[in-house]
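Step one of this worksheet: look at the structure below.
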Amino acid sequence: MTDLNTVLATFFGDEEFPVEWKDEEEKKLFWFYDDNHVPRPISPMYWSLHGWWGPTLDYMYRRFGFPLGKAWIGKRINGYLYSAIVPREESSAAMLGPYYGWIMPTYADRFLEWWQERYLPEIKRNFEYLDTFDTDSATLPELMVFLEEAIDIQERHFRLHWILNLAQFQSSMNLQAAVKEVIGDVDPALIGRVLISIKDRNWDSLEALWRLKETVKADKELKAIFDAGETAAAILPALKSSERGKAFLEELDAYLKEFGYKANMYCHEYINELWVENPAPALESIKGYLVSDYDYPAQLKKTVEDHYAAIQELKSLVPANATSEQREKLETAINLATKMMPLTPDHHFYMDQGTFGRLRLVIMAIGRRLEKEGLLNQAEDIMFLEYDQLRAYVANPTGYDGKAVIEEARRKWVEAHNIRPRDWVGTVTQWSMYVEPYHTLWGWPERFERAQKGEAKLVGELRGLPAAAGVVEGFARVVQDPKEFDAVKKGEIMVCIMTNPSWVTVFSKIAAVVTDTGGVLAHTAVVAREFGIPAVVGTGDATYRIKTGDRIRVNGTSGVVQILSDGKS
C-alpha cells in the first residue's frame, strides 16, 4: 500500500525562479500556479482581499467536513498567484469521512431548490444594494464603509459558491457511480455530452447579444454604421451622431446593465475593466456576429438535440438484464445531474463575474474620489494598494506615503510580466497529486506526469487533456486578451491560456479551442462541449509553441494537437 505522504518531487526555488518561504511547513505543500483563474501577475488589491482562495474555503472544508483537505491557501511568488490545499490530519479525515459521505446526497438532492428559493434571491438583493448605492454623493468615510459591506457580500457569495460547487460535484459523481454500476465503463466523451447546460445565463447573454445583432442587421442605417467601422472606436461615435444610433445605444445600455458585469480580461481580478464601464467589447462582439452572421437559434437547437441524443445513447447501453431498481437509479441520477448543470455557468455569472465585477466598481468609486482629492494620480492606481494600505492612506494621507507604495507595487507588477511562472513549487506527495481532487481542474496529475517522464517535446506536436471530442484542422489564432476577439475569424482555432464566462461570445466563431491550462471540468471544456467543438486543455505551453497563422489539427478525443505548418509557410 502506497504511503500518502510519499514525496514524488520537490522544487524550492533556484536562481531563475527564486522562492521565498515563510517556514518549513510551507515547503511541505504542493503549490500550483493558478493559471486557471489569475494567469497574469496579481494586483495587490485582489491579492489582499483573498479572491477565491483563503477564508471562504476554510468555510467550505468546515461546513462539509470535507475529508480531503482542511484549507486552501494562497502564496504570491514572483508576482503570480500559487495556491496549495492543506491536508487534514489522518485522524480528522477518518472521523469526518463518514459524515461527508452521509450528508452530501442531501445537498445533491436539495440544493437546486435552496438555490432558487433562498440563495439566488439573496444574491440579487445584494446586487441591487451595490448597484443603487449613490457613490457620488457619499463622503469618503461612507465610501469606505460601503467597501467593507461589499467585501462582506463578496465573502458571503463565495461561501455560497462553495456550497453550490460541492453540491453539483456530488450530483455529477452520483451519475458517474450510477453509470458504472448499471452499465459499466462508458466513453467519457458521452458523459461529457450529457453533462452540459442548455438553459442558463450564458445562453441568455448570447441570445440578448444576438438580438442586438439582428436589430442592426435589419436596420439599414445601423448596419451601414457597423459595416463602415472596423472597431468600437469608429462605431461608437457614429452611433452617437444619429437619433437611430442613440436609440440603439439605449438598448445596448440595457444589455450591459444586465449582462455587462464581466471583465474585458479575466474576471478573477479587480484590475480589469468591465463591459458595463466600456461598451467597446460588446460593440465589437456585435460586429463579429454580423460578419459571421451568428445564428443563435440554430446553435442552441444543435446543442439541445445533441444533449438529448447523448442521454438516449447512454440509456441504450443499459443491459437487458438490468433490474427496475437499477434503471430507476440511473434515470434519477441523469435527471438530477442535468438539472444541476446550469449552476456551472450561473455561478460564474453571479459570483465569479457579478460579484468580483461589482467589488471592482466599489473600489473604483473610491479611486475616483482619491484622484479628485489629489491622493491618486489616476483612479486605477488604487489597485496597486493592498486593502490595509488603502485604509492607512485614507485615514492618514499626510503620514502615509501611499503614492510611493503604489509606484513600487506597480514597478514590481510590470516586471513580473517578464517572468514565465513555473507550473508548481514546493513538495509533490502521493496525496497531493493522486488523492486530493480539486487540483484536477488545473489538469493535474497529467501535467506532472508528462514532465516527470521527461518526454521530449515532439516538434510540431503538443499533448493535453481531451476535453471535447472531435477532430478539426484550421488556422490558429492566439488570443491573449478579449480585446483581440474582433480579430478572430469564423472557423479559426483559438489558442489561449484559459477562458472564463466573458469569453463565451468568441465560441460562436471558432472551430476548436486549445488552452495552456485547465482540466476536463474547467470552463473551456464545459463550454466547448456545449458548442459542440473539439477542445484540448492543459497543454502547458500552447500559447508559447503555436503562433497565429499556423495550421494545426486539434484532436479533442485523444488530446493531441499537431502543428501541420507554420504561418510563414
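Residues within the reach of a label modelled at R118 (point 7 angstrom out along Cα to beta-carbon, backbone nitrogen below 20 Å), restricted to segment 54-93, are 56-66. Computed on segment 165-305, with alpha-carbon pairs under 8 angstrom and 6+ residues apart, the relative contact order is 24 percent.
Residues M95, M494, sorted by accessible area with the largest first, give M95, M494 [1.4 Å probe; ligands and nucleic acids excluded].
Rolling a 1.4 Å sphere over the protein heavy atoms, what is the accessible area per residue of segment 373-470, to the nearest Å²?
On the way: 4930 Å² over 98 residues.
So segment 373-470 comes to 50 Å² accessible per residue, rounded to a whole number.
In loop segments of segment 187-278 as defined by DSSP, the GluC sites (Glu not before Pro) with at most 13 further C-beta atoms inside 10 Å of their C-beta are E230.
How large is the helix-only mean residue ellipticity at 222 nm for the chain, computed as the sum of -39500 (n - 2.57) over DSSP H runs with n ≥ 4, divided by its residue count, in deg cm²/dmol to the nearest 500? Present the calculation step by step, with values, prior to reporting the outcome.
Numbers: 22 runs with 284 residues, N = 569.
Rounded to the nearest 500, it is -16000 deg cm²/dmol.
The distance from the alpha carbon centre of segment 141-207 to that of segment 502-535 is 17 Å, rounded to a whole number. Mind scanning K246/K302; K301/K490; K124/K302; K483/K547; K124/K262; K75/K412 and naming the pairs with a C-alpha gap bigger than 26 Å? Pairs exceeding 26 Å: K246/K302; K124/K302.
For A71, the residues whose modelled amide H falls within less than 5 Å of its own, excluding neighbours fewer than 5 places apart on the same chain, are V86. Across segment 209-275, the mean sequence separation of Cα contacts (distance under 8 Å, 6 or more residues apart), normalised by length, yields a relative contact order of 20 percent.
Can you bin segment 1-160 into rounded, prolate or oblate? Criterion: square roots of the alpha carbon gyration tensor eigenvalues sorted a ≥ b ≥ c, rounded for a/c under 1.5, prolate for a/b above b/c, oblate for the rest. Intermediate values should be presented prior to the final figure.
Values: a/c = 2.87, a/b = 1.24, b/c = 2.32.
Since a/c reaches 1.5 but b/c is at least a/b, the shape of segment 1-160 is classed as oblate.
Protein-only accessible surface at a 1.4 angstrom probe places the residues V186, V536 in the order V186, V536, largest first. For segment 407-524, the square roots of the Cα gyration tensor eigenvalues, ordered a ≥ b ≥ c, give a/c of at least 1.5 with a/b no greater than b/c, which places it in the oblate category. Computed from backbone phi, the HN-Hα couplings of segment 475-484 come to 8, 7, 10, 7, 10, 9, 8, x, 4, 8 Hz, rounded to whole numbers (Karplus: 6.51 cos²θ - 1.76 cosθ + 1.60, θ = phi - 60°; Gly and Pro given as x).
Surface composition of the chain: carbon plus sulfur atoms contribute 52% of the solvent-accessible area (1.4 Å probe, protein chains only, all chains present). Here the 3J(HN,Hα) profile of segment 491-496, calculated from phi with Karplus coefficients 6.51, -1.76 and 1.60 at θ = phi - 60°, is x, 6, 9, 7, 10, 8 Hz, Gly and Pro shown as x. Around the amide H of F30, modelled in the peptide plane, lie the amide H atoms of I85, T427, all under 5 Å away and 5 or more residues distant in sequence or on another chain. Note on K180: lysines with a C-alpha under 16 Å away, same-chain residues under 8 apart excluded, are K315, K329. Antiparallel beta bridges, as assigned by DSSP with both residues in the chain, represent about 80 percent of the total such bridges.
Please state the shape class of the chain: rounded when a/c is under 1.5, otherwise prolate if a/b exceeds b/c and oblate if not, all from the C-alpha gyration tensor. Each step should come with its number before you reach the end.
On the way: a/c = 1.36, a/b = 1.10, b/c = 1.23.
In terms of gyration-tensor shape, rounded.
Extending 7 Å from Cα along the Cβ direction at A218 and again at T548 yields two label points whose distance is 3.5 nm.
With the contact rule set at Cα under 8 Å and sequence spacing of 6 or more, what percent relative contact order holds for the chain? Each step should come with its number before you reach the end.
Values: 912 pairs, mean separation 113.2, N = 569.
That works out to 20 percent.
For labels at E325 and M144 in the simple 7 Å Cα→Cβ model, what's the distance in nm? That separation, rounded to one decimal, is 6.5 nm.
Could you work out how much longer the chain between R110 and Y59 gets when fully extended? Use 0.36 nm per residue separation minus the Cα distance between them, nm to one decimal. Please list the in-between numbers first.
Working: separation 51, 0.36 × 51 = 18.36 nm, distance 1.99 nm.
Gain on extension, R110 to Y59, equals 16.4 nm.
Taking amide H atoms as placed 1.01 Å from N in the peptide plane, the amide H of E273 lies under 5 Å from those of N264, M265, each 5 or more residues away in sequence or on another chain.
Mind jotting down the distance between the C-alpha centroids of segment 310-389 and segment 86-127, whole Å? Computed from Cα coordinates, the inter-centre distance equals 16 Å. Distance from the Cα centroid of segment 19-48 to that of segment 211-257 is 43 Å (rounded to whole angstrom).
Taking θ as phi - 60° and the Karplus parameters 6.51, -1.76 and 1.60, the scalar couplings of segment 91-99 work out to 5, 5, 4, 5, 6, 8, x, x, 5 Hz in sequence order, x denoting glycine and proline.
Using a Debye calculation, one point per C-alpha and no hydration shell, please list log10 I(q)/I(0) for segment 128-257 at q = 0.09, 0.11, 0.17 Å⁻¹ in order. Debye curve over Cα of segment 128-257, log10 I(q)/I(0) at q = 0.09, 0.11, 0.17 Å⁻¹: -0.59, -0.79, -0.98.
The values are calculated or read from the model by the stated rules, or taken from the named source; none is laboratory data. Since this is a predicted model, take the numbers as computed values, not measurements. All Cβ positions, glycine included, derive from the backbone under ideal geometry; neighbour counts span all protein chains shown. For accessibility, only protein heavy atoms count, side chains too; no ligands or nucleic acids. Shrake-Rupley method; radii C 1.70, N 1.55, O 1.52, S 1.80 Å.
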